[in-house]
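Heads up: the structure comes next, in structure tokens.
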Amino acid sequence: MVSFEEINRYSVQRQQMVERDLKGRDITDPRVLEAMSRIPRELFVKPEYASQAYADYPLPIGLGQTISQPYIVALMTQCLHLKGNETVLEIGTGSGYQTAVLALLARRVYTIERFSELSARAQAVLANLGIDNVEFYVGDGSCGWPEKDKTFNRIILTAAAASVPELLEKQLAEGGLLVAPIGDNWNQTLTVYQKKNGVLHPSTVCGCRFVKLVGKHGFPEN
């Protein structure tokens, strides 16, 4: 098992990323900054991209998917306003980097990935880091967590949807927050929704661009 203290090779780049790309912009949540200063991002990218792990742009992870730029990971996490006792549903495990950040900040994380290869890879990295408060599921994220009566304090979509899938809306607990890139294949707006009296109330954050959420209640494959 790898300990955080043993990850030293890229420690300087990691701290530079936090100072330049996070603190240097609008990331102010100290818990988010601390989490991202601890998680070794280089372990979540392909070996040939390790030297670029802390650059502020997305990188390919295979199967047409990407690991989001550090700033967007931090921004979306900050928008969740995590205090430490929440259950979080993540739609799109991908590399597992966002999952790892969430796991340091919430009580438990449930994450769905449609590609079994990516899910297995993410599970291996998180296990190697000793992160054990995450439950993984391989399936259609647009359909929500398979236990349909389960609800979550927070939901985060790491893929773009035209609108919030109804099943995810139902699985968001009253008073909870949902963060998602909403739009079409090319133009999306990062949006935060709060559930009040059973209704989602949106507020916009910024423009963004993510891979699309493919599934029964998302975009078609092609």
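Quick note: the coordinates plus some simple rules give every number you see, no bench work behind them. All values reported here derive from a predicted model rather than from experimental measurement. Ideal geometry is used to build each Cβ from the backbone, glycine not excepted, and the neighbour counts take in all protein chains shown.
Karplus-derived 3J(HN,Hα) values for region 146-156, using 6.51 cos²θ - 1.76 cosθ + 1.60 with θ = phi - 60°, are x, 7, 5, 8, 7, 10, 10, 6, 9, 9, 10 Hz; glycine and proline are entered as x. Per residue, the average separation of C-alpha pairs within less than 8 Å and at least 6 apart gives the chain a relative contact order of 15 percent.
Among Val179, Val199, Val138, Val192, sorting on how many other beta-carbon atoms sit within 10 Å of each Cβ, with the fewest leading, yields Val199, Val138, Val192, Val179. Label-to-label distance for Arg107 and Thr189 is 3.4 nm, based on points extended 7 Å past Cα in the beta-carbon direction. Scattering from region 1-129 was approximated by placing one identical point on each alpha carbon and applying the Debye formula without solvent; log10 I(q)/I(0) at 0.11 1/Å stands at -0.34.
Cα-Cα pairs above 18 Å in region 161-222: how many percent? Percent of Cα pairs beyond 18 Å in region 161-222: 35.
Seen from Gly94, the other residues with C-beta closer than 14 Å to its C-beta sum to a net charge of +2, counting Lys and Arg as +1 and Asp and Glu as -1. Candidate cross-link partners of Lys148 among the lysines, defined by an alpha-carbon separation under 24 Å and a same-chain spacing of 8 or more, comprise Lys170, Lys195, Lys196, Lys212, Lys216. Put in line by how crowded their Cβ is, counting other Cβ atoms within 10 Å and starting with the fewest, Thr191, Thr28 read Thr28, Thr191. Sorting Tyr10, Tyr193, Tyr57 from the fewest to the most surrounding beta carbons within 10 angstrom yields Tyr57, Tyr10, Tyr193.
Placing a label point 7 Å from the Cα of Leu167 along the Cα-to-Cβ direction, the residues of region 188-222 with a backbone N closer than 19 Å are 212-222. Placing unit charges on each Cβ (+1 for Lys and Arg, -1 for Asp and Glu) gives the chain a dipole about its Cα centre, and among Pro220, Phe115, Cys206 the Cα reaching farthest toward its positive end belongs to Cys206.
Thr28 label point, 7 Å along Cα→Cβ, cut-off 20 Å on backbone N: hits in region 63-89? Backbone N within reach: 71-84.
Placing +1 on the Cβ of every Lys and Arg and -1 on the Cβ of every Asp and Glu, with nothing else charged, gives region 4-208 a dipole about its Cα centre of roughly 300 debye.
Which whole-number percentage describes the relative contact order of region 106-209, with Cα contacts under 8 Å and a sequence gap of 6 or more? Write out the running numbers ahead of the final one.
Values: 182 pairs, mean separation 19.7, N = 104.
So the answer I get is 19 percent.
With Cα atoms defining each centre, region 96-123 and region 139-183 are spaced 15 Å apart in the structure. When both bridge partners sit in region 4-208, DSSP labels roughly 50% of those beta bridges antiparallel.
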